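Q: Pasting a structure below so you can have a look.
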């Protein structure tokens with residue numbers, strides 16, 4: 001009986017070896033995949049490679065409503081005050097254009113929210129945990145300037161993204177062109193902003209300055225307009241979209257958020273002087289940057305999340 005058993009075992013081993021020989025490419029691939037999986041598991045554990053990006057909770061004190069609008073920016077920042085009236089800014093044939101809402105709190109249609117990827121099903125689940133994406137879009141007036149001054153009104157936009165793989169598709173050079181404008185050029189502008197906290201300290205902040213040309217209904221060139229923007233990436237300033245995209249794909253970054261900070265004169269009247277627009281932009285940025293940065297997680301916040309091994 002033992003002989004039969006040994007014979008059967010020997011036959012089984014022989015059959016297995018024969019099968020392996022006939023399917024050596026499959027066996028080699030299986031062994032390679034197994035070794036790769038084991039090596040990857042070790043790399044993830046030892047090197048602390050992040051296989052996903054965890055959401056970063058909102059900064060302390062930040063409030064976001066059910067429409068994913070951040071509501072905690074002040075209504076007044078130095079000489080700049082939120083436009084609380086309806087029909088102050090927009091006019092047609094000399095008459096106010098009203099919609100029942102303050103001009104300083106423009107609404108965001110559902111299709112725009114969908115394009116922005118804010119208010120998604122994931123955001124709805126993360127809202128109560130203070131980890132959703134959000135936006136804040138407001139228009140302020142410079143109370144020092146008369147009504148028809150081209151730099152009296154400024155639109156300030158902040159978009160917060162966390163825990164996802166959105167790689168910064170929304171910049172003026174893409175969105176404004178999609179809306180029919182002609183992109184003329186983009187350059188870098190250092191805005192003096194002393195007294196900012198943390199990684200933003202240093203006396204100035206680098207913004208991208210994008211210049212565009214409108215096209216009239218007749219097909220002729222219309223007025224020019226400008227947009228200024230920069231990013232906060234895990235609490236650090238970064239003006240270049242490409243660098244934000246690159247750093248978001250870093251496998252050693254576990255918790256990640258980025259916020260786009262964008263602003264511009266509201267193009268009710270033509271801005272004819274780029275130098276004047278830049279000077280006005282610097283004055284406005286000096287007022288709003290401390291408040292916007294207060295609403296964003298800092299480098300220390302990210303480091304604390306990473307050190308605690310938390311998923312946010």
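The values are calculated or read from the model by the stated rules, or taken from the named source; none is laboratory data. Quick caveat: nothing in here was measured; it's all calculated off a predicted structure. Neighbour counts run over all protein chains shown; Cβ positions are idealised from the backbone, glycine included.
Q: With (1) over 29 Å from residue 57 (Cα atoms); (2) touching a helix residue (DSSP H, G or I) at 6+ places or on another chain (Cβ under 6 Å) as the list, and residue 102 as the residue in question, which single condition is left unmet?
A: (2)
Q: While we're looking at this one, here's another question. For residues that are touching a strand residue (DSSP E or B) at 6+ places or on another chain (Cβ under 6 Å) and modelled with pLDDT of 95 or more, tally how many sit in the stretch 83-102.
A: Total meeting the criteria: 1.
Q: If a residue counts only when it is in contact (Cβ under 8 Å) with a residue 60 or more places away in the chain and under 23 Å from residue 117 (Cβ atoms), which strands (runs of 3 or more DSSP E) contained entirely in the stretch 170-253 have at least 1 such residues?
A: 221-233, 236-238
Q: Residues in the stretch 106-115: is at least one part of a strand (DSSP E or B), closer than 22 Å to residue 293 by Cα and under 23 Å from the mean Cα position of the chain (by Cα)?
A: No.
Q: Of all the residues that make up the stretch 284-306, how many are closer than 17 Å to residue 157 by Cα, touching a strand residue (DSSP E or B) at 6+ places or on another chain (Cβ under 8 Å) and in a helix (DSSP H, G or I)?
A: Selection size over the stretch 284-306: 9.
Q: Output the residues belonging to the stretch 164-175 that are modelled with pLDDT of 85 or more and either within 19 Å of residue 257 (Cα to Cα) or surrounded by fewer than 18 Cβ atoms within 10 Å (Cβ to Cβ) (or both).
A: Selection gives 170, 171, 173, 174, 175.
Q: Also, quick follow-up: For the stretch 199-239, enumerate the residues that are at pLDDT below 95 and out of contact with any strand residue (DSSP E or B) (no Cβ under 7 Å at 6 or more places or on another chain).
A: Within the stretch 199-239, 202, 217, 218, 219, 220 qualify.
Q: Would you be able to tell me the number of residues in the stretch 48-68 that are surrounded by 10 or more Cβ atoms within 10 Å (Cβ to Cβ), out of contact with any helix residue (DSSP H, G or I) (no Cβ under 6 Å at 6 or more places or on another chain) and modelled with pLDDT under 50?
A: Within the stretch 48-68, residues that are surrounded by 10 or more Cβ atoms within 10 Å (Cβ to Cβ), out of contact with any helix residue (DSSP H, G or I) (no Cβ under 6 Å at 6 or more places or on another chain) and modelled with pLDDT under 50 number 2.
Q: Being at pLDDT below 95 and part of a loop (DSSP other than H, G, I, E, B), is that true of even one residue in the stretch 135-145?
A: Looking through the stretch 135-145, none of the residues is at pLDDT below 95 and part of a loop (DSSP other than H, G, I, E, B).
Q: What is the residue count in the stretch 116-134 for residues that are without any contact (Cβ under 8 Å) to a residue 40 or more places away in the chain and part of a loop (DSSP other than H, G, I, E, B)?
A: Result for the stretch 116-134: 1.
Q: Another one. Listed residues 296, 248; which is within 17 Å of the chain's Cα centre (by Cα), surrounded by 20 or more Cβ atoms within 10 Å (Cβ to Cβ) and modelled with pLDDT under 95?
A: Going through 296, 248 in turn, the sole match is 248.
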